[in-house]
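Here the structure is laid out as C-alpha cells; the discussion comes afterwards.
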Amino acid sequence: MARRVGHRLLVVLGALALAGIPARSARAAIAPPWCGEPMPDAAANLPDGSNPAHPAGSFPHIPYYAIGCTLEGIASRSEGRMTVAVAGPSALGRDLYLVTVNALDTVQRRKGFQAWQEIRRIALTDPARARRSLDRSGGDVKVPILIHGAIHGDEYEGVDAVMQLIERLATIPSGGDPEVDAILDHAVVLFNVIPNPDGRIAGMRANGNGFDLNRDYLTQSQPETAAAVSILQEWLPPDLLDLHGYVTPTLVEATTKPHNPGIEYDLWLRWNQARIDANQAALATVGLDIIRPINDWCSNGNEPGPGGICPDGGPPGPAVAEGWDDWGPFHTAMYAQHVGLNASTVEMCNAAGIGCGLPGSTVHERGRSGARLAQYVVGWSTLLFDAANRHDLMADQLEFYRRGVTNAPRPDCCPPPFDEANDWMHEYPTAFVIPLGTGQRSDPEANRLVDWLLLNGVVVEEMKQECTFDGRTFDRGSYVIPMTQARRGLVDTALAIGVDISNEIDRLYAPPAAWSHGFLWGADVVLVPRGADFAPPTNRVTKSGHLPGGVEPGVAAHYAIVLDSPTAVRTVNDLVGAGVPAGLAETSFTGSTGDMLPAGTVVFPADPATKVRLADAGRTNDVWFHRLGDPVVLPALDPVDRVPRILVLAGSADQDVWSLRNLGFPTDVMSPDALNSAPINPLPGYDVIWNTGAYPTAANSTARARLQAFFAAGGGYLGAGTNGARFLTGGGLVGGLTAAARTGGGRSAIVYWNNEGAGESPIVGAFTARDTAIMDPPTWFTAVPASWTVDGRFTAIPPGYWSDIVASGFWKQDTQSASAPGAAVIAHGPNTAGQRGPGTARLATFAMNPLYRADPEREWAMVGAAAYWADR
C-alpha cells in the first residue's frame, strides 16, 4: 500500500481542501482575547506569531482557564446539539471536559440515535441479536466516535485542533456544510477535550502526580485514566483517535508487530488500514505527508534508505516492520482496541521547515500551525470515513463481541501483505479463577482485582459451592471469570502471565513487554485451560463480596498481622499512625494455631482498648489479626513507634512517591540539588530514603555530607535498580555491591525469583517460595557484600532453561545476560562503611523497582516490610 501521494493529486485536490477543511470552521471564537480568569499557563506562553521573530506557524494556543468557558460559549450557539460535562478531576483537581456532539433535531437523527441505543444495550451480552438490530436499521444508525486531545501536556496542538473540530460540528447550521450534515446525521462525536490539564498548564508530559498517562490504561491508577476508561466503557466507540506529537512527517498509527493477542487482529486490520487510507488522502490535499509504520518501516524501526531497501537488503513492510507496535494494552489506543475495535495514535508533525510536507511541497502550513492542521485533518477525515462506513464498522465490532460470548476459535489471519509475521492471536483458555480462602495469598487483594474487572466491563461470577479442579480445591465464593464473554481479550491480557516474545522480535516501541494483574497484583489467579471440563455452579456478581475480618476469637496475649499485601501495609500504617503501639518480629515464630508467622510480622498488644481498635481495623479493611495465646513464644521485637517517614530522592513527584503515599507512608520528594541548597538540613525529619538515582555528585558536597550524617545516625535506605545499588557504593556506604542490567530495544520481562530468605527474611518473609516480579529493564546483582543477606535470587539454570527465569516479555538469553542465572535480586544488610563506621544503617536493595508505574502491587508488600525494617 503506497504511502506517497503524487504531486499531481496534490494540485488537483489541494485547492478544494485548503478552501474547505479548516476554512469552514468559524474559528473566530477560539482566539484571544480569552474568556476566563487568567492564570499561569505554559500553552498560553508559547510563541503566538505576534512577533516577527517567532517561529513559522506560531499561533495563540488556548490556555486551560479559557477552555471551559469557550466550550460553554460554543454550546450556547449549538442549538442543542452539543453538551459539555465534567468527566472527572485531574490529579490536581482540575476539570476534565467531555463534549458530546449529537444532533437530534430531525426525525431521522433521533431514529439513528435510538437505533444505536438499542444496539448498545445488548451489544456485550447478545451481539448476534444486536447485529440483527443493526441490519434492520437500514443505515439509519449513529456510530459513536471518540477523539482525545493531548494526553501529554506538552504536545499542545491536539487540544487546539479538538476545539476547532468541536466548533465546526456544533455551530455550522444545518444545510450550511454537507460534510457537517453527513457527520451529524450518522455519528455521535465525543471529545475528551483535554485529558491532562495539569500537564498542559505546567508544560510537561506527565500529569500532576508525575505519571505518563499513556502508560496507565491497564493499571488505571490516575483519575484522568479512570475518567477516560469510563467514557470508553459507556459509549463503546468502534474508533478512537489519540492526539500526540511530534513525528516528522505526521505519523498515523498503523502498528507494527508484535500485536497484542487479545485483539481480533483480522477485524482491526481491515478498518485501521482503510481509515488511514482516508487520513492519508486528506492530509495530501493540504500538502502534508504521512508515516504508516507497518506499511513503511524496516525491522530497525525506520524507513528504508535510498532505493527503498532496508538495511537487511529487503523491502520494508508488514512482514519486517518493527518499532511502533500495539503489544502493550497500557496505551490509550491499545486499550481502546480491546473495548471498541479500531484506534490510532496520531503523532503530528511541527517542523518549521518542509519536513511535514509531501515531497516537492513548499506551500503547506508549518510549525505548530501545521501540527494543529494535521490533527484537524486526520480528525475530520476519520469522522467522515466512519460515518460513511458506520454499518460495516459496527457490524465488525459486533462480530468481535460475538466471538467473545461464544469463546470462538481464533480466525485465520491475514490477507497479503499482512499474512507473514502478523498473526499473534492465540487460543483463549476456558476461564480464570480468583480463589477466596484456600489457595489465595490475600482475599482483600482478590476483591481489589475483581473490582477492577467489573469496572472494565468484565463478567465475573462466584462459585455457589466448593469445587475441585485438577487436584485443586476452590472454596465456595471463589470468583470465576468465564471466557464466554465479549471482554475475553481484555481478560486474557490482564490476567494471564503473558507471552515470551524474546525470540520473535528485535525491538519494541516502548516497555514493558510483559504485564499481568494476575501475576503482578496482590492476588493469586488460576488459569483453566481451553477445553477443560470445568463448569461449577455460579452466580454472576456485580460487586466484590463482603469479607469477614477482625481479631481471631479466643484469649490472646498479643495479636499479629503479616505484611502480605498492600491492604495489610495500609492497615498497619493506619493503626501505627493513630498511636497504637506495635513491634516488628525479627525472626519467624509459631502462632497459636501452629501456623508459621514470618519475620517482619507486626505484633500488637492485646489490652482491651487495643483489641477494640484492631477489631475495627480488621472489619474495615477485611483483614484478620492472628491471636497469639500465652503459650506462644514471641521473637525479639523491634519497637514500632511511628510510621516511617520517607524521603524520595528525585527531581519531582512520580510513581514512587504516589505509590508510597497510597500505602500510607508520609512521603516527600526532594532532588539532590534541593537537598544541597536547603538552608536547613531536612534529613533529620525522615526515617528512610527511597532512591532510584545516582549518588549526588561532588559538586553537591553539602548534600553528600548530609546523607552521610543521616546514615551515620541510623537512617534507613531502600533502593531500586542499578542506580539504587550504585548510590550506596558511590556514597562509600557499602563495598562489594554491584549490579548489571540488560537494556535496549524495550527489553523487559515478568521474571520468576526464588525466596531465599523464606520466613526468616524481614523483607520477603510473607512471599511464596517462588514468585513473580516485573523488571524494566532486567536487572540483577553481580555481587553482594558478605555481611548482607540475599532475600531473592534468580534460579541457577543450565543453558536452554531460560524460561525458569523469564515468564513472559522480551529478554533473550545472550552473552550480556550470562551473569543473571543464580544472581541475587533482593538483598538487605548494614552499611559496611560510613561516617561512624559500619553497622549504623539498615539498607535494602531491589534489582526490580517494586513501585514501577504504580503497577506491581504484589511487590508493594515487600516495600512496606522493608520500610519498617530499615527504620531502626
- request: With a 4.7 Å Cβ cut-off, tell me which Cys residues in the chain come up empty for a partner.
  value: 467
task: Collect residues whose amide H, placed 1.01 Å from N in the peptide plane, falls under 5 Å from the amide H of residue 541; neighbours closer than 5 in sequence don't count.
output: 460, 461, 462
- prompt: Cα extents of the stretch 85-124 along the three principal axes, largest first, in whole Å?
  reply: 42, 28, 7
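Given the peptides 211-217, 295-301, arrange them by the average over their residues of other C-beta atoms within 10 Å, most packed first. It would help to have the intermediate numbers written out before the result.
On the way: 211-217: 24.1, 295-301: 20.7.
My ranking of the peptides, most packed first, is 211-217, 295-301.
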message: List the lysines whose Cα sits under 23 Å from the Cα of residue 812, skipping any in the same chain fewer than 8 residues away.
response: 257
task: Leaving ligands, DNA and RNA out of it, report the carbon-plus-sulfur percent of the accessible area of the chain at a 1.4 Å probe.
output: 53
message: Taking Cα extents along the principal axes in Å straight from the coordinates, which label in (i) 86, 62, 54; (ii) 88, 67, 59; (iii) 95, 74, 55 is the correct one?
response: (ii)
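Classify the stretch 259-335 as rounded, prolate or oblate from the Cα gyration tensor: take a ≥ b ≥ c as the square roots of its eigenvalues, call it rounded if a/c is under 1.5, otherwise prolate when a/b beats b/c and oblate if not. Please list the in-between numbers first.
Working: a/c = 2.06, a/b = 1.15, b/c = 1.79.
The shape class here is oblate.
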- prompt: Largest first, how would 257, 611 line up by accessible area (1.4 Å probe)?
  reply: 611, 257
Projected label distance in nm at residue 54 and residue 760, using a 7 Å step from Cα toward the beta-carbon: 7.0
- prompt: HN-Hα J couplings of the stretch 553-568 from phi, Karplus 6.51/-1.76/1.60, θ = phi - 60°, integer Hz, Gly and Pro as x?
  reply: x, x, 6, 9, 8, 8, 10, 9, 9, 8, 7, 10, 6, x, 4, 5
- request: Once you have all Cα-Cα distances for the stretch 728-867, histogram them in 10 Å bins from zero and send the whole-percent values.
  value: 12, 42, 34, 10, 1
- request: Over the chain, calculate the relative contact order: mean separation of alpha carbon pairs under 8 Å at least 6 apart, over the residue count, as a percent.
  value: 10
task: For every helix of n ≥ 4 consecutive DSSP H residues, a contribution of -39,500 (n - 2.57) applies; sum these over the chain, divide by its total residues, and give [θ] at 222 nm rounded to the nearest 500 deg cm²/dmol.
output: -9500 deg cm²/dmol
- prompt: Long-range amide H contacts for residue 358: which residues qualify at under 5 Å (H placed 1.01 Å from N, peptide plane, sequence gap of 5 or more or a different chain)?
  reply: 288, 289
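Ranked highest first by average number of other Cβ atoms within 10 Å, how do 126-132, 551-557, 432-438, 805-811 line up?
Values: 126-132: 18.1, 551-557: 14.6, 432-438: 20.6, 805-811: 25.6.
Result, highest mean first: 805-811, 432-438, 126-132, 551-557.
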field: Nearest 10 degrees, 0 to 90: helix 127-136 Cα axis against the chain principal axis
entry: 10
- request: Provide the per residue accessible area, probe 1.4 Å, for the chain, rounded to a whole number of square angstrom.
  value: 34
field: Cα gyration tensor category, rounded, prolate or oblate, for the stretch 674-730 with a/c compared to 1.5
entry: oblate
- line: Counting Lys and Arg as +1 and Asp and Glu as -1 over every other residue whose Cβ sits under 13 Å from the Cβ of residue 130, the net charge comes to +2
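Out of the chymotrypsin sites (Phe, Trp or Tyr not before Pro) in the stretch 350-412, which ones are loop residues according to DSSP with at most 10 other C-beta atoms within 10 Å?
Values: sites: 376, 380, 385, 400, 401; in loops: none.
Hits after loop and neighbour filter: nothing returned.
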task: Rounded, prolate or oblate: pick one for the stretch 714-806, where a ≥ b ≥ c are the square roots of the eigenvalues of its C-alpha gyration tensor, a/c under 1.5 means rounded, and failing that, prolate if a/b is larger than b/c, else oblate.
output: oblate
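So how much slack lies between residue 408 and residue 105, counting 0.36 nm per residue of separation and subtracting their Cα-Cα distance, in nm? Please list the in-between numbers first.
On the way: separation 303, 0.36 × 303 = 109.08 nm, distance 4.12 nm.
This chain segment gains 105.0 nm when fully extended.
Percent of Cα-Cα pairs more than 13 Å apart in the stretch 535-587, please.
Numbers: 1032 of 1378 pairs.
When all Cα pairs of the stretch 535-587 are counted, 75 percent exceed 13 Å.
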- prompt: Which angle from 0 to 90°, rounded to the nearest 10, does the C-alpha axis of helix 701-712 make with the longest principal axis of the chain?
  reply: 40
query: Kirkwood Rh, the stretch 159-274, all Cα pairs: how many Å?
result: 16.9
- line: Under Stokes-Einstein, the stretch 459-514 at 37 °C and 0.692 mPa s, with its Kirkwood radius over C-alpha pairs, diffuses with a coefficient in µm²/s of 231
message: Suppose accessible area is computed on protein heavy atoms with a 1.4 Å probe; arrange 399, 155, 466 from highest to lowest.
response: 466, 399, 155
message: Just to confirm the number: angle between the C-alpha axis of helix 857-870 and the first principal axis of the chain, 0 to 90 degrees, nearest 10?
response: 40
message: Quick check on the stretch 431-568: what does the Kirkwood estimate of hydrodynamic radius come out to from the alpha carbon pairs, in Å?
response: 16.6
message: Please report the antiparallel percentage of DSSP beta bridges with both residues in the chain, rounded to the nearest 5.
response: 65
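So for each of 200-209, 471-480 I average, over its residues, the number of other beta carbons within 10 Å; can you give me the resulting order with the highest mean first?
Numbers: 200-209: 22.0, 471-480: 17.9.
Going by the mean number of other Cβ atoms within 10 Å, highest first, we get 200-209, 471-480.
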message: Could you put 692, 743, 250 in order of accessible surface area, largest first, with the 1.4 Å probe and the full protein assembly present?
response: 743, 692, 250
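The values are calculated or read from the model by the stated rules, or taken from the named source; none is laboratory data. Computed from a prediction, not measured in an experiment: that's the story for all the values here. As a convention, Cβ positions derive from the backbone with ideal geometry for all residues, glycine included, and neighbour counts pool all protein chains shown. Accessible surface is based on the protein model in full, side chains and every heavy atom, while ligands, DNA and RNA are left aside. Shrake-Rupley method; radii C 1.70, N 1.55, O 1.52, S 1.80 Å.
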